[in-house]
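Bear in mind these aren't lab numbers, they're just calculated from the coordinates by the rules spelled out. Quick caveat: nothing in here was measured; it's all calculated off a predicted structure. When we count neighbours, we look across all protein chains shown, and the Cβ atoms used for this are built from the backbone with ideal geometry, even at glycine.
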């Protein structure tokens, strides 16, 4: 065996059908990774910021991370649809303003929807406390979740 063959990445030795990923596999990996990142972030906040974030058990935090992942991806999809609508109307100050205003409105307003959905689904098992009945805390947690996901995505892209 030559030295080049020893250094060949493991992916090269895989069967041909295992090399390409389908769209379904990519989507699964996206949600799987996002949910695990949300789970880690949520549990770290519950452990280290327990005065503001309460989760009754690991099982509940796993379910909450899944719900958060679905609601966040849904929010981003809605925001993109609205942005596309205003962008497709052509250039102009009003369309640009409305695109950014509507994006802000959806992204900010969705946190109230997410907080209420979490409250309805999990009751007292998951609780965000603090200013504005926990909305500020939820925003902090969600921003950290999104940043953590972005770090993982950038790391993944760097190593491939």
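Rounded, prolate or oblate for the stretch 70-133? Axes are the square roots of the Cα gyration tensor eigenvalues, ordered a ≥ b ≥ c, and the cut-off for rounded is a/c under 1.5. In terms of gyration-tensor shape, prolate. Computed from Cα atoms, the angle from the helix 58-88 axis to the main principal axis of the chain rounds to 90 degrees.
Stretching residue 32 away from residue 121 to a fully extended chain increases their span by 30.0 nm, per 0.36 nm per residue minus the current alpha-carbon distance.
If you line up the long axis of helix 93-122 against the longest principal axis of the chain, both from Cα atoms, how many degrees apart are they, to the nearest 10? On a 0 to 90 degree scale, this one is about 90. What is the spin-label model distance, in nm, from residue 113 to residue 73 if the labels are put 7 Å beyond Cα along the C-beta direction? For the pair residue 113/residue 73, the computed spacing is 1.6 nm. Computed from Cα atoms, the angle from the helix 23-48 axis to the main principal axis of the chain rounds to 50 degrees.
How much mean residue ellipticity at 222 nm does the chain get from its helices, if each DSSP H run of length 4 or more adds -39500 (n - 2.57) and you divide by all residues, to the nearest 500 deg cm²/dmol? That comes out to -26000 deg cm²/dmol.
In plain terms, the residue of 37, 98 with the fewest other Cβ atoms within 10 Å comes first and the most crowded comes last, giving 98, 37. Counting neighbouring beta carbons within 10 Å and listing from fewest to most, the residues 118, 159, 76 come out as 159, 76, 118. Descending by average beta-carbon neighbour count within 10 Å, the peptides 141-147, 56-62 line up as 141-147, 56-62, the highest first.
A straight chain from residue 85 to residue 56 at 0.36 nm per residue would run longer than the Cα-Cα distance by 6.3 nm.
Here are some values of volume of the Cα convex hull per residue in Å³: (i) 117; (ii) 181; (iii) 140. Which one was computed from this structure? So the calculated entry is the one marked (ii).
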